[in-house]
Amino acid sequence: MLNSNQGRIVVTTDMWTASNQKRGYIVVTAHYIDDSWNLCNKILRFMYVPAPHNTKTLTKELIGCLKGELLHMKCCAHILNLIVQQGLTTVQSGIESIRESVVFWIATPKRVEIFEETKDGLSLSSKRKLVLDCKTRCNSTYLMLMIVIPYKEVFNLLVHKDKSYKQAPSDHDWLLAKVMCEKLKLFYSVTEMFSRVKYPTANHFFPKICKIRMLIQECAISPYVEIKTMATNMTGKFEQYWSLIRGVLAIATILDPIFKMKLIGYYFPKMYGDESPHEVERVRKLTYDLVKEYKLCDAKETDVSLNISDFGMDIDDCGDPLDGFDLFVSTTSLVDTYKSELDYYLEENIFPRTIDFDILARWKANGLKYPTLQRVVGDVLAIPMSTLAFESALSTGGRHVTPHHNRLHPDTLEALICVQDWLWEEKLDSHSTKEKHTAKFEV
């Protein structure tokens, strides 16, 4: 299947330690767009990795099952979580007071009952139950704050209902929590997009990441000292990641017919100010260089070579000796006015933005007009921005390696994981086809 694929293949990896076996495993997943222009992913390996599980060992095992060069992309969802965690350190005291209040009022059924009675007495519109966050997951912190903030007055009243509840969060704590909740909403929505099983193609992420960068810039001029400090802490981590991915994300955006260079031109002045022309030109050149690389590969594959007869200079030809010169002039003159596929593509008007625009279907139909660009798009859009959607393989491993099956051989475990992944993909494809037929029938 992979040998028949015309494009390049993107690879993601993740590590898992089976607690019931005390063994480490690495899952290797392939991502690609097939010849029918479907976005696909398959588990290639689920390998046992001997200790120590350091960079050298993992690299050796990975290279052992792959060929060719690798493009290193860090998981965007994990990086975003690290960025938020870095920023939350400055407002931790305020959030911690709210977290402690949540812990107190969900600790026992009796306290939950008291909280619900007090809440109902205020006739609040929100009916959601309190949830405790996981400190290392920014999404769960956002959900906790979003639910708890409307209950500010409830906590103030509860101080008088239970003597062991010493102090409700202060007004300043609630203020910071509200501001943080508003800021975390964007991170939450982006991470949710990364976490889908059928993840979006790479062209969807550029505007989201740009908005996050602009959000951090906005926080840097906040009237609250804590928010300013938070922005400072976030900036370093974000820039470190942004420098690695902005090229790939920008190329994916430029190759999207509804964006092209327009979205770059819209966001970069907001992000870079006077430096924006330089940044725009940098990503433009990067795109042209990538297309040129594919074009050179095409030329090598066709193995076109010029010979003397190409210019009408056959030794047996007794015609006009300058016929070859005329042909030479016409062919070399074209070089000066030559436009690449990318030039023509960028000169076309952008497509109107619609919810149901299918970029893969669009580029599937563009093969005759832009054959080289089509190959570039097929490889770039297959790049996943996060490993979250594929970490389910590690959870699956946990379901196989139970206390009752802790002596399962690594080869058997790999066979179980891979075959399950392949069969499940076939089932999903079959189900998707049925849904399409059903929808068409109902219409």
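At a glance:
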{"item": "Residues of the range 5-23 satisfying the condition of being in contact with an Asp or Glu (Cβ under 8 Å, 6 or more places away or on another chain) and of a type outside the set (Asp, Glu)", "result": "ASN5, GLN6, GLY7, ARG8, VAL10"}
{"item": "Failed item in (1) open to solvent by less than 50 Å² (accessible area, probe 1.4 Å); (2) in a helix (DSSP H, G or I); (3) modelled with pLDDT under 85, with GLU192 passing the rest", "result": "(1)"}
{"item": "Among residues of the range 218-254, those that are among the β-branched types (Val, Ile, Thr) and open to solvent by 10 Å² or more (accessible area, probe 1.4 Å), counted", "result": "7"}
{"item": "Subset tally (residues that are buried (at least 20 other Cβ atoms within 10 Å of the Cβ) and either among the small types (Gly, Ala, Ser) or outside any helix (DSSP H, G or I) (or both)) for the range 169-189", "result": "2"}
{"item": "LYS364 being open to solvent by 80 Å² or more (accessible area, probe 1.4 Å) and modelled with pLDDT under 65", "result": "no"}
{"item": "Pairs with Cβ under 7 Å, 6+ apart, first in the range 349-376 and within 21 Å of ARG8 (Cβ to Cβ) and free of Cβ contacts under 8 Å to residues at least 40 places away in the same chain, second hydrophobic (A, V, I, L, M, F, W, C) and surrounded by 13 or more Cβ atoms within 10 Å (Cβ to Cβ)", "result": "GLN374/TRP363"}
{"item": "Residue under evaluation GLU347, criteria (1) surrounded by 14 or more Cβ atoms within 10 Å (Cβ to Cβ); (2) under 30 Å from HIS204 (Cα atoms); (3) at pLDDT 80 or above; (4) not small (Gly, Ala, Ser), criterion not met", "result": "(1)"}
{"item": "Residue ranges of helices (runs of 4 or more DSSP H) in the range 18-127 with at least 2 members of a type in the set (Val, Ile, Thr) and open to solvent by 40 Å² or more (accessible area, probe 1.4 Å)", "result": "55-64"}
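The values are calculated or read from the model by the stated rules, or taken from the named source; none is laboratory data. As the structure is a prediction and not an experimental result, all values here were calculated from the model. Cβ atoms come from the backbone with ideal geometry, glycine included; neighbour counts cover every protein chain shown. Keep in mind that these areas ignore ligands, DNA and RNA; they rest on the heavy atoms of the full protein, side chains included. Shrake-Rupley method; radii C 1.70, N 1.55, O 1.52, S 1.80 Å.
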